[in-house]
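Chemist: First, the structure itself, so that you have it in front of you.
Derivation of every value follows stated rules applied to the coordinates shown; laboratory data play no part. Since the structure is predicted, the reported quantities are computational estimates derived from the model, not experimental observations. Glycine gets a Cβ as well: all are built from the backbone with ideal geometry, and neighbour counts include every protein chain shown.
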Amino acid sequence: MSGAVPVGFRARAERATADAHLRGVLHNVTDRLIDARRVSQGHLDNSEELRRAARSMRDDIIRRLPDVLDRLATNVEANGGVVYFAADADEANAYIASVARRIGARSAVKGKSMATEETGLNEHLAAAGVDVVETDLGEWILQVGGDTPSHIVAPAIHLSRGDVRDLLQRVSDGELTDVPEELCAFARAVLRERFLRADLGITGCNVAVAETGSIVLVENEGNGRMSTSLPRVHVAVMGMERVVETWEQLDLIMALLPRAATGQDISVYVNQITGPRRVGEVDGPDEFHLVILDNGRSDLLAGPFREMLNCIRCGACLNTCPVYRQVGGHSYGWVYSGPMGAVLTPLLGDVEGSGELAGASTLCGACHEVCPVQIPLQDLLLALRRRSAADADLGERTAWRAWAEAWSRPSTYRATTWAAGAVGRVLPEAVFPDAWTDGRVVPRRPAGGSFRRRLRSGSV
Ligand code: SF4
C-alpha cells in the first residue's frame with residue numbers, strides 16, 4: 001500500500017480490505033500459523049489442563065507483581081546486572097541513551113522487542129547519534145522499507161516474498177531473486193558484519209525468571225544470541241508483567257508459548273541469560289542492564305483489565321481473529337494489533353481514536369479459544385465498549401437505555417420488532433446511514449417471516 005496513512009481504524013481498515021494482495025498474503029500466513037498451532041497443540045495430551053494452569057499461575061503472579069519484580073531486581077543485581085525501572089517511554093529511552101553515551105556507542109544491534117516499539121527507541125537513539133540496526137529478519141526488512149510491524153510475532157506478515165525481494169534490492173549491489181534461502185543468505189551477510197562491530201546490543205525479554213534474576217529470549221534465528229553475546233554492553237527491555245517466579249513456571253510457559261506462536265513444540269533457540277559475562281567465561285557482555293517498563297501497566301493492576309497483563313505475546317489471537325485476518329496489523333494504528341491490540345492500545349497507547357478499536361471485533365470468542373493463558377478477550381472488549389458508552393452524550397445514552405428496556409420484556413420486544421418490520425417496508429433507503437447501505441441491501445421484510453412466526457408454525 002502506498003500514499004498517506006488514513007486516520008482512524010475505520011479508514012485504515014477500509015483501505016486494507018480493498019487491497020487484495022494484502023488480504024491474500026495475510027490469509028496465507030495466518031492459515032499456516034493456525035494449522036501449525038493445531039498440529040503442535042495435538043502433541044500435548046493435556047493442553048486444556050496446561051492452559052488452565054497457566055491462567056491461574058499468571059493470575060497469581062500479576063496479583064503479587066510488585067513483590068515478584070522486587071525479587072527479580074534483587075537477583076539481577078546480585079548477578080552483577082543493573083536494573084532500571086522506567087515509568088514511561090521517555091524514561092526508558094533516556095536511560096538507554098545515557099548508557100549508549102557513557103560507553104561511546106555509535107552502533108547498536110537490536111533483537112525483536114515490542115516494548116521498544118512501544119517507546120520508539122530507534123528514533124530516540126538515532127537522534128542521539130547511535131545507528132541502530134534491527135537483526136530479526138522480519139524487523140530488518142521493515143527497517144529497510146521504513147515500515148512498522150503488523151504482527152507481534154511475524155512483523156513482516158503483510159509482505160510476500162516478492163515484496164521482500166523488492167525491498168532488499170534497495171540495499172543490495174547485486175541482483176536478488178525472490179528465493180527465500182537466497183534472501184536469507186543476503187541478510188545474514190549484511191547482519192553478520194553489523195553484529196561484529198556493534199558496541200551495544202538491545203533485546204526484548206520474553207520472560208524474566210525472578211528466582212535467579214535471568215531473562216529468557218525465545219527465537220528462531222540466532223540473532224538474539226548474537227545481540228546478547230557479541231557487543232560489550234547488553235540492554236534488555238521488558239514490560240513489567242513479563243515475569244515468572246520460578247523455572248518450573250517458565251517450563252509451563254514454554255510448553256505453551258512456541259506452540260501458540262509459531263506451531264513449534266519448541267523454538268530453535270531458548271536463550272537464558274543471567275547477568276553479564278563472569279570471570280572465566282568466554283562470551284557475553286561486560287555490562288548487563290534490565291529496563292523494566294511500566295508505561296501505563298501499573299494502572300491496570302487494580303482494575304477490570306488486569307487480566308490483560310497475563311498476556312505472553314504469542315500472537316495466536318491475531319491469527320485466528322476474523323477481523324485481523326481481513327485488515328492486518330497496521331489498521332490498528334499502534335504496536336499491538338488483533339484482539340489483544342484492540343484491548344491494549346486504548347489502555348496503554350496514546351493513539352487518537354483508539355476507543356473505536358473495541359468495536360473491531362465480532363465477539364465470536366475465537367481469540368479466547370486459542371489464548372494459551374485463557375484471557376477472556378471478548379469480555380475485555382465488551383468492558384471497553386461499556387466504558388465508551390458511558391462517555392456518550394445524554395441523547396445517545398437515553399436511546400440505548402430505552403432500547404435495552406424495551407427488549408428486556410417480551411411484549412415490548414414483540415411490538416418493536418413488528419413495528420420495525422412494518423416501517424422498514426415503506427421507508428426510503430436514503431434514511432438509512434450510508435455506512436449500512438454502502439455494503440448491503442436493506443431487507444424490506446424478514447426473509448420467510450420473522451423467526452418467532454416460523455418457530456410457531458414449526459418451519460424451523
Ligand atoms: S492475548 Fe492470549 S492469544 Fe493473544 S497474544 Fe496474548 S497470550 Fe497470545
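Chemist: Report, to two decimal places, the Cα Rg of the range 69-165 normalised by 2.2 N^0.38 Å (N = number of residues).
Modeler: For the range 69-165, the normalised Cα radius of gyration is 1.25.
Chemist: Expressed as an acute angle from 0 to 90° and rounded to the nearest 10, what is the orientation of the C-alpha long axis of helix 89-102 relative to the principal long axis of the chain?
Modeler: So the helix axis and the longest Cα principal axis differ by about 20 degrees.
Chemist: Separate question: In which sequence would 172, 354 go, from the one with the fewest C-beta neighbours within 10 Å to the one with the most?
Modeler: By the 10 Å Cβ count, ascending, the order reads 172, 354.
Chemist: Go through the cysteines of the chain and tell me which have no other cysteine Cβ under 4.7 Å away.
Modeler: 184, 205, 311, 314, 321, 364, 371, each lacking another Cys Cβ under 4.7 Å.
Chemist: Something else now. Within a 10 angstrom radius of the beta carbon, how do 35, 136 rank from fewest other beta carbons to most?
Modeler: 35, 136
Chemist: What does DSSP give for the range 18-298 in terms of the percent of beta bridges that are antiparallel, rounded to the nearest 5?
Modeler: 25
Chemist: Could I ask something else about it? Each label point is 7 Å from the Cα along the Cα-to-Cβ direction; what then is the distance between the points at residue 77 and residue 387, in nm?
Modeler: Distance between label points: 3.3 nm.
Chemist: Quick one, can you get me the convex hull of the C-alpha atoms of the range 18-298 expressed as volume per residue in Å³?
Modeler: Taking the convex hull of the Cα positions in the range 18-298, it is 148 Å³ per residue.
Chemist: Using modelled backbone amide H atoms (1.01 Å from N, in-plane), which distant-in-sequence or interchain residues come within less than 5 Å of residue 295's amide H?
Modeler: Close amide H contacts, sequence-distant or interchain: 88.
Chemist: Could you work out how far helix 47-63 tilts from the main Cα principal axis of the chain, as a 0 to 90 degree angle to the nearest 10?
Modeler: 70
Chemist: Would you mind ranking 340, 226 so that the residue whose beta carbon has the fewest other beta carbons within 10 Å leads the list?
Modeler: Fewest to most other Cβ atoms nearby, the residues stand as 226, 340.
Chemist: I need the peptides 285-291, 432-438 ranked by packing, meaning the mean over residues of other C-beta atoms within 10 angstrom, with the highest value on top.
Modeler: Top to bottom by mean Cβ count within 10 Å: 285-291, 432-438.
Chemist: Shifting gears a bit: Distance in nm between label sites at residue 423 and residue 67, each 7 Å beyond Cα in the beta-carbon direction?
Modeler: Reported label-point gap for residue 423 and residue 67 is 5.8 nm.
Chemist: Each residue of the range 197-206 in order: what ³J(HN,Hα) in whole Hz does its phi give by Karplus 6.51 cos²θ - 1.76 cosθ + 1.60, θ = phi - 60°, with x for Gly and Pro?
Modeler: Each residue's phi maps through the Karplus curve to give 10, 6, 8, 10, x, 10, 9, x, 7, 5 Hz.
Chemist: Let me ask you something else. Could you order peptides 399-406, 373-380, 140-147 by the average number of other Cβ atoms within 10 Å of their residues, highest first?
Modeler: Most protected by this proxy first, the peptides run 373-380, 140-147, 399-406.
Chemist: Follow-up. Quick query: amide H of residue 235 versus all other amide H atoms, modeled in the peptide plane; which residues come in under 5 Å with a sequence gap of 5 or more or a different chain?
Modeler: Under 5 Å from the amide H of residue 235 lie the amide H atoms of 201, 202, 203, 289, each far enough along the sequence or on another chain.
Chemist: Let's test the formula: R0 of 30 Å, r as the Cβ-Cβ distance of residue 59 and residue 212. What FRET efficiency results, to the nearest 0.05?
Modeler: 0.85
Chemist: Right, here's the next one. As a test of the formula, what do you get for the chain when each DSSP H run with n ≥ 4 contributes -39,500 (n - 2.57) and the sum is divided by the residue count, at 222 nm and rounded to the nearest 500 deg cm²/dmol?
Modeler: -15000 deg cm²/dmol
Chemist: Which residue, 195, 436, 407, has the largest displacement toward the positive end of the dipole of the chain when charges sit on each Cβ (Lys, Arg +1; Asp, Glu -1)?
Modeler: Working it through, the farthest residue towards the positive pole turns out to be 407.
Chemist: Follow-up. Just grab the label-to-label distance for residue 85 and residue 160, each label 7 Å out from Cα along the Cβ direction, in nm (one decimal).
Modeler: The two pseudo-label positions are separated by 5.1 nm.
Chemist: Using θ = phi - 60° and the Karplus relation 6.51 cos²θ - 1.76 cosθ + 1.60, list the HN-Hα couplings for the range 293-304 in order, rounded to whole Hz, with x at every Gly or Pro.
Modeler: 9, 8, 6, x, 5, 5, 5, 7, 4, 9, x, x
Chemist: Can you list residues whose amide H is under 5 Å from residue 85's amide H, if they're 5+ apart or on another chain and H is modeled 1.01 Å from N?
Modeler: For residue 85, whose amide H was placed from the backbone, the distant partners under 5 Å are 292.
Chemist: Related question: Can you figure out the FRET efficiency of residue 27 with residue 364, using R₀ = 22 Å and their beta-carbon distance, to the nearest 0.05?
Modeler: 0.80
Chemist: Can you work out the PRE-style zone for residue 5? Point 7 Å along Cα to Cβ, and I want the residues of the range 145-189 with backbone N under 18 Å.
Modeler: Taking a point 7 Å out along Cα→Cβ of residue 5, the residues of the range 145-189 whose backbone N falls under 18 Å are 145-159.
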